[in-house]
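All remarks here apply to the structure that follows.
Please treat every number below as a calculation from the coordinates, not as lab data. What you see is a predicted model, and the numbers here were worked out from it, not measured in a lab. So basically every Cβ, Gly included, is an ideal-geometry build from the backbone, and we count neighbours across all protein chains shown.
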Amino acid sequence: MALGVAPGVTRRSVAAAARFEDRPAYAAAVLGTPPPAAPTVGAPDLGATPALLGAAGAAAAAALGVARGRRRAERPTGAPLARLAALHHGAIADSAAWITFGAAAIGATLAIGVH
């Protein structure tokens, strides 16, 4: 988040991206010919406002989560969610198994979607 507060980072990042994407200038550098005119880049420099608003929003969301976490968590309602909650007892092995299952499910979904 600190990078977003630094002055001029947005302007310099957009200018660097434009230079990176400038294919004619790259070709001129490789071929040893004079480079074409630089492209004009127009990016608004919003300053620190978006970064500070994002940080404040993140802090507010964290505070809300902590405040809600202090109350006793209610059990999920509904039979499918109750069965799923019964499968997880809170042990580290359960967490490892569920993360492996989730990664495999995401991989299978992507594999089906690619083909």
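One table, with the values for the structure above:
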read-out	value
Pair Ala17, Leu81: separation of 7 Å Cα→Cβ label points (nm)	3.8
Per residue, the convex hull volume that the Cα atoms of region 76-115 enclose (Å³)	70
